[in-house]
Each structure stands twice: as C-alpha cells, then as structure tokens.
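S.K.: Pasting in a structure now, in structure tokens, and then I'll have a few things to ask.
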Protein chains: 2
Amino acid sequence: MSQMQNVERQLREMILGLEIGPGERLTERWIESRFGASRTPVRAALLRLETEGLIARDGRGWTVAPINLAELGQIAVYREAVEVAAVRLTAALEDRGGIELIAAMLDSCDAETPREEWHRVGLDFHIELARLSGNEFLFRAVRDAMTRLSRARWLEVRDEKALGRAWAEHYAILAAVRSGDAEQAAQLLSAHIAGSRDRLVTSLHDDRRGLRARGFAVVAA
Amino acid sequence: MSQMQNVERQLREMILGLEIGPGERLTERWIESRFGASRTPVRAALLRLETEGLIARDGRGWTVAPINLAELGQIAVYREAVEVAAVRLTAALEDRGGIELIAAMLDSCDAETPREEWHRVGLDFHIELARLSGNEFLFRAVRDAMTRLSRARWLEVRDEKALGRAWAEHYAILAAVRSGDAEQAAQLLSAHIAGSRDRLVTSLHDDRRGLRARGFAVVAA
DNA sequence: GATACCAATTTGGGATACCACACTGGTATT
DNA sequence: AATACCAGTGTGGTATCCCAAATTGGTATC
C-alpha cells in the first residue's frame, strides 16, 4: 500500500470518526508529521478528500467540511433520485440473488451489536443495494452520498425504536426487490429516505448547541 | 490564475477537444514540459481529471480515458435519474424565470453557427437546466455526466435533421417546465435522453473502425 | 532465428528546499 | 487610547532532487 493511499485512508477515517471535528482547520504540515509522510502524498490525499466533500478550501487553507443542514436536505433529494433509479434496475434483474447477501448483512445486527456496527451496516445497506443494480455511476453516486452523510448520521441522536423502524423498512424494501416489484420497492425506498432525512435534520437541529459545544461547526439550513 | 488550475484547464481542453486521443498514454514529464509547469501542479491536475473520468490509471501510468460504449449506456441511465429529478424540482419552483435565459441560449444557434457552438450549447442546455433546480448535487451530477459524454457526442456523426429534432425536443421540455407541468417535462426529458443515447451509441458503433483508424481507443459495449 | 538475460533509460512516488503571500503581534506615531 | 505600520512567522504553491520499479533495447546464448 502506497503512502498516498495510506494517508488518504487514515485521514478519511479520522474525519469520518470525528477525531477531527467538522470545521477544524487542517494544515499540510500537521498531516505530514501526524502520518509520517511528506507533503506530496498529503496533497494527493487532500485533493481526493476534497472531491469527496469531506474537506473544503478555506481561503488559502483547508478545513474539515462542516455539518451543513441545508446540504443534508439536498443530499436526500439526490439520494432519492439515484437510489430509486438503482433499485428499479435491481428489481428488474433476472438474477436478484445478491439481495440475500444484503439481508444477511442486516441479520448480522442484533441487540449485542455495537452501535458503530449498526451505523456501518445502515450505510452499507444502501450502498450494496445500489451496487447490485450493476450501474457503476448510480453505485458511485450512492456511495459518495452516504459517505457525505456518514458523520451527520453518526451524530444523530437515535433511539432503539427509530433503529428498529429503519431496519423494518430495510427488510420491506428487500422483500419488494426480491419479488421483482420495482414500483413498490421504489415507493418504500422513497419514503424511507424522506423519513430518514426528517429524523436526521430534526435531530441535528435540536442538538446543534450540543454539537457546537463539542467544537463542531454546524451550518444552519 | 495558479499554475495548478491552468494545467488542469488546458489539459482538460486538450482531452475534450480530442487533441489528445482517447486511449493515448500520458506521462507527467510530457505534460510538465508541454505546459511549462513543474510536476506538482501537473500531478494535482491529473488527480482532478481522474475523478472527472477523463483520464485513468494504466498500471503505474496514465492514459486518456477511452470511449467506452457500455459506459455511455450506463451514463444515460444515470443522467435520466438525476436530470429528471432536477427538472421536476425546477418545474415546481415559483420563480421559473431562469428558463428564459436557457431558451435564449438555444435561440442563439442558427444556420451560421459553427458546429462547435451547437455542441457546446447542446451540453450547456442540460447543465443549466439542472442548475436551475437549485440542488447542488443534482447539478454537479449532470455537469459531470455531460463532461464525460462530451467527447463521444463530438465524435457522433450527426445530420442536420437529428440536430433539429434535438432542438425541438429541448424547446418542448422548456415549454413544459415553463407551464409548471413537471410530469410532462419529466417524460419529454426521459424520451429525449433515451433517444440521444440510442443515436449516440449507434453512431459510434457504426463508425468504430473509423475512430480506431484515427488512433482512438473504443471499448465495445 | 528465437529466446533468455542484463544494463540503460524512463517512469511515477516520494521528499525537500524555496518562494510569495497572508496573518500576527507588537511598536511607534498621532 | 486608537491606529497605522512593520517585521516575524507560518501557510500553501512550486520546483527539483532522489528512488525503486518497470520498461526497453540490445546482446549473448542456444
């Protein structure tokens, strides 16, 4: 594994894991010393992470992208467009066996599963469902959108009931895809994304003071 | 303007303008000497153009992305998803005055307009229509998709009639958006994209020997 | 003539030195 | 006390050097 990919991966994990808070300033020299690489791979990593939307230019420098509530709403609309298109393709496939792997993924989460894992599987559900469509562009769009949503979803205050409801919706979507009912899968997925967006934005909006108290930059809708 | 942006812009123009053919090898040193910049901005430009899909890694090196007929089909599906979502949003806006600027853009093309300009306006129509939606993600998705399609559309063998038909469809879409009929706008746009894809893939497929004779790498569907 | 092999060259990946510019903190002037 | 100014410090942007690995071209061997 090259240094370039190493720095990119580690820095991404630190940002997604909120070890570096939204809005925090980044300097190439700090990253350089932090990961023991020189500025060349550091700059490559920064350029890549910029296109992922995880970091942004701040004048001449770099900052970790803030949590932007308006952006979350726009991403939800974008997600709906691409995820629904993907799930329609998937439901129309002759071989839809791949969804059983996704169902198994959901099954792997139980009461003893750590929250971190629920979070990851909740993202991967949508990503893998899009991958099944076979359309590389829809897949990448979903993956990138979920990456951007990742931190916000982690900060979301979720209760057990909300998580159970989300999982039930996931299973319902899978069932529709399994039976080849593209229309129902599309409708269930649309509703799921809209509900997910509402819960997310509400949660972050209500908790925005707490987030700011933790030093996280939160941009209002 | 910094060297970094300069190299990126000039190299992108050379690729999109087919001054460097699809499939051609690129070396950082050649770009460096060609544009009088050092390798640092060259590498930044390459990383950015890679995410745009205009260049790709070839083992350790770089090549200009080939024309990929299978990819063109996938992009059409992707385009349809995001463009239709965008046009639905636009048709639902209270202030849809922005579409008159787009109509003026179409009007500016007449019999004496060079082909190059028709090509550019044909791309910009879709990009600007998506921009009107106000959704940054849908806009970027459409812009990036059209960028990827740009070279293939330039190579397309188009007759006057096909162009006139495309323009008529553009006007019809605008009319539907202007009247606020999201459903019709969506249907017209879907049909337009599907037709555009069919003509494009057919044209390139029929002409693939000619393209290869020009040294352009064409990957079959 | 085909092939295995080796040295020279070229490549991208990385490290580092230097620069222009922005920002900071303090100082001198009013 | 307020402000204009200026040197000092740190930043990202750029150029350049080094390196390991891959490619290449020729040569010796069979």
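S.K.: With the checklist (1) within 14 Å of DNA strand C (Cβ to nearest atom); (2) over 15 Å from the mean Cα position of the chain (by Cα) in hand, flag the one item B:Gly98 doesn't pass.
M.R.: Condition not satisfied by B:Gly98: (1).
S.K.: Kindly indicate whether B:Glu117 is surrounded by fewer than 19 Cβ atoms within 10 Å (Cβ to Cβ) and closer than 28 Å to B:Asp159 by Cβ.
M.R.: So B:Glu117 passes the test.
S.K.: Also, I was wondering about something else. How many residues are surrounded by 17 or more Cβ atoms within 10 Å (Cβ to Cβ) and away from DNA strand C (no atom under 13 Å from the Cβ) when one looks only at the range A:25-51?
M.R.: Qualifying residue count, the range A:25-51: 3.
S.K.: Do you know which of the residues in the range B:59-74 that are under 24 Å from B:Ile31 (Cβ atoms) and more than 16 Å from DNA strand D (Cβ to nearest atom) is farthest from the other protein chains (Cβ to nearest Cβ)?
M.R.: Here is the first cut: in the range B:59-74, the ones under 24 Å from B:Ile31 (Cβ atoms) are B:59-68.
Those left that are additionally more than 16 Å from DNA strand D (Cβ to nearest atom): B:64-68.
Values: B:Val64: 19, B:Ala65: 13, B:Pro66: 15, B:Ile67: 16, B:Asn68: 10 Å.
Filtering the range B:59-74 for residues that are under 24 Å from B:Ile31 (Cβ atoms) and more than 16 Å from DNA strand D (Cβ to nearest atom), the one farthest from the other protein chains (Cβ to nearest Cβ) comes out as B:Val64.
S.K.: For the range B:139-165, which positions are open to solvent by less than 40 Å² (accessible area, probe 1.4 Å) and not in a helix (DSSP H, G or I)?
M.R.: B:Glu156
S.K.: How about the range A:166-190: which of its residues are open to solvent by 40 Å² or more (accessible area, probe 1.4 Å) and closer than 22 Å to A:Leu69 by Cβ?
M.R.: The answer is none; no residue qualifies.
S.K.: Would you check which residues across the range A:63-93 are within 14 Å of A:Ala217 (Cα to Cα) and without any contact (Cβ under 8 Å) to a residue 40 or more places away in the chain and list them?
M.R.: Matches in the range A:63-93: none.
S.K.: Pairs please, first residue from the range A:1-18 and of a type in the set (D, E, K, R), second anywhere and outside any loop (DSSP other than H, G, I, E, B) and within 14 Å of DNA strand C (Cβ to nearest atom), Cβ atoms under 9 Å, 6+ apart in sequence or on different chains.
M.R.: A:Glu8/A:Pro41; A:Glu8/A:Ala44; A:Glu8/A:Ala45; A:Glu8/A:Leu46; A:Glu8/A:Arg48; A:Arg9/A:Ala45; A:Arg12/A:Ala45; A:Arg12/A:Arg48
S.K.: Hey, could you check the range B:162-206 for residues that are under 21 Å from the mean Cα position of the chain (by Cα) and among the basic types (Lys, Arg) and say which is nearest to B:Gly98 (Cα to Cα)?
M.R.: B:Arg165
S.K.: Now for a separate question. Among the residues of the range B:40-58, which ones are more than 8 Å from chain A (Cβ to nearest Cβ), among the hydrophobic types (A, V, I, L, M, F, W, C) and within 12 Å of DNA strand D (Cβ to nearest atom)?
M.R.: So in the range B:40-58, the residues more than 8 Å from chain A (Cβ to nearest Cβ) come out as B:41-42, B:45-46, B:49-50, B:52-58.
Within this subset, residues satisfying the condition of being among the hydrophobic types (A, V, I, L, M, F, W, C) are B:42, B:45-46, B:49, B:54-56.
If the condition is that a residue be more than 8 Å from chain A (Cβ to nearest Cβ), among the hydrophobic types (A, V, I, L, M, F, W, C) and within 12 Å of DNA strand D (Cβ to nearest atom), then B:Val42, B:Ala45 are the ones that fit.
S.K.: A further question follows. Checking A:Ile99 against (1) among the β-branched types (Val, Ile, Thr); (2) open to solvent by less than 20 Å² (accessible area, probe 1.4 Å); (3) more than 16 Å from DNA strand D (Cβ to nearest atom); (4) within 13 Å of chain B (Cβ to nearest Cβ): exactly one of these is not met. Which one?
M.R.: For A:Ile99, the failing item is (4).
S.K.: Quick check on the range A:42-54. Is at least one of its residues of a type in the set (Lys, Arg), in contact with a helix residue (DSSP H, G or I) (Cβ under 6 Å, 6 or more places away or on another chain) and within 17 Å of A:Ile15 (Cα to Cα)?
M.R.: Filtering the range A:42-54 for residues of a type in the set (Lys, Arg) gives A:43, A:48.
From what is left, the residues that are in contact with a helix residue (DSSP H, G or I) (Cβ under 6 Å, 6 or more places away or on another chain) are A:48.
So of that shortlist, the ones also within 17 Å of A:Ile15 (Cα to Cα) come out as A:48.
Yes, the range A:42-54 has at least one match.
S.K.: Starting from the range A:199-217, keep only residues that are free of Cβ contacts under 8 Å to residues at least 12 places away in the same chain, then list their pairs with residues that are among the polar types (S, T, N, Q) whose Cβ atoms are within a distance under 8 Å, requiring at least 6 positions of separation or different chains.
M.R.: Nothing qualifies.
The values are calculated or read from the model by the stated rules, or taken from the named source; none is laboratory data. None of the values given here were measured: they were computed from a predicted structure. Every residue, glycine among them, receives a Cβ derived from its backbone with ideal geometry; neighbour counts consider all protein chains shown. Surface accessibility is based on the protein's heavy atoms, side chains included, excluding ligands, DNA and RNA. Shrake-Rupley method; radii C 1.70, N 1.55, O 1.52, S 1.80 Å.
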